[in-house]
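Have a look at the structure below, then the notes.
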Amino acid sequence: MSRDTAALDPSRQFHHWWNNERFRGILYQVLLLAAVVGVGWFLVSNTLTNLNARHIATGFVFLDHEAGFGISEHLIDYVPSDSYLRAFAVGLINTVEIAVLGIVLTTLLGIVMGVLRLSSNWLVARLAAAYVEAMRNVPVLLLLLFCYSGITVSLPLARNAYSLFDCIYLSNRGLKLPAPVWDASTQAVTAALVAALVLATLVSAFARRQLDRTGRSLPVARITLGLVLGLPLAVFLAGGAHLSFDVPHLAGFNFAGGVTVSPEFAALLLGLVAYTGAFVAEIVRSGILAVSYGQTEAALALGLTRMQVLRLVVLPQSLRVIIPPLTSQYLNLIKNSPLAVAIGFPDLVSVANTAINQTGQAVEGVTIIMTIYLGLSLLISVLMNWYNRRVALRGGR
Amino acid sequence: MPNDDAVISLKDVNKWYGSFHALRDISLDVRKGERVVVAGPSGSGKSTMIRCINRLEEHQSGTITVNGTEVSNDVKAVEKVRRDVGMVFQQFNLFPHLTVLENLTLAPVWVKHMPKAEARDIAMRYLERVRIHEQANKYPGQLSGGQQQRVAIARSLCMRPSIMLFDEPTSALDPEMIKEVLDVMVELAEEGMTMVCVTHEMGFARTVADTVVFMADGQIVEKNTPAELFGNPREERTKQFLSQIIRH
Ligand SMILES: Nc1ncnc2c1ncn2[C@@H]1O[C@H](COP(=O)(O)OP(=O)(O)OP(=O)(O)O)[C@@H](O)[C@H]1O
Ligand SMILES: [Mg+2]
């Protein structure tokens, strides 16, 4: 019956070529491509014209020039007479430092808060819920400013610093800690520690193989602990048991020597972790709820404690649900880190900003920032996807 | 009633879910080695009763004692009871992220602090007993329902419980798999395991049970040997239930 109507329908018998689906598909693609190329060409030529008019040379040659500005925090040596390239490297390292520490701490905080939200203790669950709601409803910039002013206002001046054993100081200039002096002895101990970690990794790989083949398990934890503590200690003792520390001391209005955890660094880390941790807590909570309660009951009936049930049965299963949204929270943390500019922490964007202001090389500066952020994001995505596949593959369901 | 050799003893146990009275004055003693089958219509409180025994549910009044330990708010007491009592669920509840072998060794290693190698040996022995040792390294999702339920039984047995609770262990299974699970349970009964089993398998009840408990509306209506209870039910409610079961 429907075939008859189709045969009678005049529009079905006569095909206009512009009604052809494939033709339309190709046409749209050609139009879109033309639009993209056109806009791109306009942007590039416009930029080049403007740069020419202001006598700004394009290209990355400026990276070799002397930066000429100081950076308050640097994990590698840096002085204003160093190149822009080195300044960018300092900023990148600061950004990576925040990202790595931030991701680790956010994960821990998120898991704890997510679990506490599900606690059967009414008060604990309410407090965790209040934390999550508070963080989710505050702009992250405000939170950073709050942390920063909180730290700088509540802590005393350097000369009134809280001190512990006269070698650790806490003041509004940050937390000052003694640092080991990088001499032959510390170098040897560090080398021994690295060697111990490598050995421990090999041992645990061997132990896993041994377990699979013979069913005999080695005391991996004890061997690892022995190696990691014993080897550096042995080297330390063999080297005459001397380590020298650079102890911070008051000099003028600030401290000299030692290492510093600055208020800017602390505020940025604290703010980002507190903020992102709330979102991770929600992800963890929904991940736990996604595991059927029968799993918990079966594990409890076997005699496992609540803690063991969570660690051995529930969390490993909720990882499959947790990891994909967790990845985007990690990326959010990294993408929020340039708010460091607001509190004066010299992250990559803040350094690039200064460089752009001094040189006018905005296009190059922004290109560098975008490339690095893209690289960091891709790196995290790749790592998390790899981990996700490892977790998801097990069980073949 | 000889109360002294009872390994499970419930006295005047009451339980409410909110305002709903789920268990009403339940009293029941189970001797060592006794096989008890619990039957009754849906919603009569069978699951609730046996889940109170290992504290998966909390009762509000009355006392429950298992091997001399009172089931209470005391965490240590509950842990002890759970180590003595194995449980098998309708939905198997195997851990899908662990292999069959890891499912079996998890509790012995973490609860009893048994060396891994020893736990594996014991696990393999129980897997052989439920005739499923070739599947030791598979994941639960790769097994049939009947195989999963036998793994679940083996998982409980690995903790060497003195009492086993079963909550409709065959209700989620296809007919052809029911027998393989019942066979394992019959063997367990023949070895003298104390068992409390909620089931609608009347054949199993007839051949294996020492005692059948019939429940309705949160109460124990009748308790007797299977021959008496099935052949000569005293209560009207029991007759009605049995006639329904037989008609089906
Ligand atoms: N968590 C709960 N909250 C509220 N009511 C519940 C809960 N669990 C069970 N109930 C109610 O308690 C009563 C007894 O439930 P129970 O699961 O013990 O019945 P059952 O005899 O095992 O039934 P079935 O044969 O369907 O498994 C039912 O009416 C049920 O609705
Ligand atoms: Mg039930």
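Looking only at segment B:109-134, filter to residues that are at the interface with chain A (Cβ under 9 Å from one of its Cβ atoms) and touching a helix residue (DSSP H, G or I) at 6+ places or on another chain (Cβ under 7 Å); which one of those is surrounded by the most Cβ atoms within 10 Å (Cβ to Cβ)? Among those residues, the one meeting the criterion is B:ARG120.
Residues of segment B:193-226 being free of Cβ contacts under 8 Å to residues at least 24 places away in the same chain and open to solvent by less than 80 Å² (accessible area, probe 1.4 Å), which ones?
Step one: list which residues in segment B:193-226 are free of Cβ contacts under 8 Å to residues at least 24 places away in the same chain, which gives B:203, B:207, B:222, B:224-225.
Within segment B:193-226, B:GLY203, B:GLU222, B:ASN224, B:THR225 qualify.
Of the helices (runs of 4 or more DSSP H) contained entirely in segment A:269-369, those carrying at least 1 residues that are out of contact with any Lys or Arg (no Cβ under 7 Å at 6 or more places or on another chain) and more than 10 Å from chain B (Cβ to nearest Cβ) fall at A:315-336, A:340-343, A:348-359. Does B:VAL37 fit the bill of being open to solvent by less than 40 Å² (accessible area, probe 1.4 Å) and touching a residue at least 60 places away in the same chain (Cβ under 8 Å)? Judged against the criteria, B:VAL37 is a match.
Would you mention how many residues in segment B:170-191 are open to solvent by 50 Å² or more (accessible area, probe 1.4 Å) and either within 16 Å of ligand 1 (Cβ to nearest atom) or under 16 Å from B:ARG206 (Cα atoms) (or both)? Give the derivation first.
We begin by selecting, within segment B:170-191, every residue open to solvent by 50 Å² or more (accessible area, probe 1.4 Å); these are B:171, B:174-176, B:179-180, B:183, B:187, B:190-191.
Checking which are either within 16 Å of ligand 1 (Cβ to nearest atom) or under 16 Å from B:ARG206 (Cα atoms) (or both) leaves us with B:171, B:179, B:183, B:187, B:190.
Here the count works out to 5.
Within segment B:121-135, residues that are of a type in the set (S, T, N, Q) have Cβ atoms under 7 Å from residues that are buried (at least 20 other Cβ atoms within 10 Å of the Cβ) and assigned to a helix (DSSP H, G or I) in these pairs: B:GLN135/B:VAL100; B:GLN135/B:GLN147, counting only partners at least 6 apart in sequence or on another chain.
Please find, among B:ILE8, B:ILE50, the residue that is buried (at least 19 other Cβ atoms within 10 Å of the Cβ) and away from ligand 1 (no atom under 16 Å from the Cβ).
Details: B:ILE50 fails: away from ligand 1 (no atom under 16 Å from the Cβ).
Answer to the selection: B:ILE8.
Restricting attention to segment B:138-169 and to residues that are assigned to a loop (DSSP other than H, G, I, E, B) and either facing another protein chain (nearest Cβ under 10 Å) or of a type in the set (A, V, I, L, M, F, W, C) (or both), the residue that is surrounded by the most Cβ atoms within 10 Å (Cβ to Cβ) turns out to be B:CYS158.
Applying the condition of being part of a loop (DSSP other than H, G, I, E, B) and buried (at least 22 other Cβ atoms within 10 Å of the Cβ) to segment B:57-79 and asking which residue is farthest from ligand 1 (Cβ to nearest atom) yields B:VAL71.
Every residue, every condition in (1) loosely packed, with under 15 Cβ neighbours inside 10 Å; (2) of a type outside the set (Lys, Arg); (3) under 22 Å from the mean Cα position of the chain (by Cα), yes or no:
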position	(1), (2), (3)
A:ALA53	yes, yes, no
A:GLY59	yes, yes, no
A:VAL79	yes, yes, no
A:VAL96	no, yes, yes
A:GLY102	no, yes, yes
A:ASN121	yes, yes, no
A:PRO139	yes, yes, yes
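If I filter segment B:57-74 for residues that are without any contact (Cβ under 8 Å) to a residue 40 or more places away in the chain and at the interface with another protein chain (Cβ under 9 Å from one of its Cβ atoms), do I get at least one hit? Looking through segment B:57-74, none of the residues is without any contact (Cβ under 8 Å) to a residue 40 or more places away in the chain and at the interface with another protein chain (Cβ under 9 Å from one of its Cβ atoms). Against the list (1) over 25 Å from B:CYS52 (Cβ atoms); (2) out of contact with any Pro (no Cβ under 6 Å at 6 or more places or on another chain), the condition B:LYS239 fails is (2).
B:ASP25 satisfies every condition listed in (1) more than 14 Å from every other protein chain (Cβ to nearest Cβ); (2) at positive phi; (3) outside any strand (DSSP E or B) except (3).
The values are calculated or read from the model by the stated rules, or taken from the named source; none is laboratory data. Note that the coordinates shown come from a computational prediction; the quantities given were computed from them, not determined experimentally. Don't worry about glycine lacking a Cβ; one is built from the backbone with ideal geometry, like all the others, and counts go over all protein chains shown. Heads up: the accessible areas ignore ligands, DNA and RNA and are worked out on the full protein's heavy atoms, side chains in. Shrake-Rupley method; radii C 1.70, N 1.55, O 1.52, S 1.80 Å.
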